[in-house]
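The structure under discussion appears below in the form of structure tokens.
Computed from the coordinates by the stated procedures, all read-outs in this text should not be read as laboratory data. This is a predicted model, so every value here is computed, not measured. Positions of Cβ are backbone-derived with ideal geometry, glycine not excepted, and every protein chain shown enters the neighbour counts.
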Amino acid sequence: MSVALPLFAGLLIGIAPSPTAPHRAPDRAPDRASPVCIAPEYTGTFRLTAARSDGTQPLPAMLLLENIDGCLEATFVTDDRSPAMIDHLSLSGDTLKGSLNVSGNPAQVTFRFSGRSVTGTIVGRHREWRVDGKRTS
């Protein structure tokens, strides 16, 4: 009996779950691809007017360009929709390009910066909007 008790205790210890570090949720969803980091050469808030290519249906909007941990983050804000992130950013010289999804349909955006001014286009679903505005901060 004196041998059976330590043997039984050893068996119980061997099958007991080992303590582990507390589970920590990942910083990002594993199925989401990491975005490409674009250096934030242009940052600030830009007050815009977006209008159809023929000048009709003007819509006030804002473009927010932020430096988040050394990477450029872009957000497009209108008064009739929720703010939308501009994804798949690329910067070439003074031209910023990306993808925007404001109304449930993807659109391609292009912004050209010149001093405190910005001009550009939003193209999606066979519609084109012209964008122009000024930096406010």
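Annotation: the residues Ser114, Ser53, sorted from fewest to most other C-beta atoms within 10 Å of their own C-beta, follow the order Ser114, Ser53.
Hey, how much of the P(r) for segment 44-135 falls beyond 15 Å, as a percent of Cα pairs? Tail fraction, whole percent: 57. Cβ-to-Cβ counts within 10 Å put Leu96, Leu89 in ascending order as Leu89, Leu96, the fewest first.
In this structure the amide hydrogen of Asp94, modeled in the peptide plane, comes within under 5 Å of no amide hydrogen from residues 5 or more places off or on another chain.
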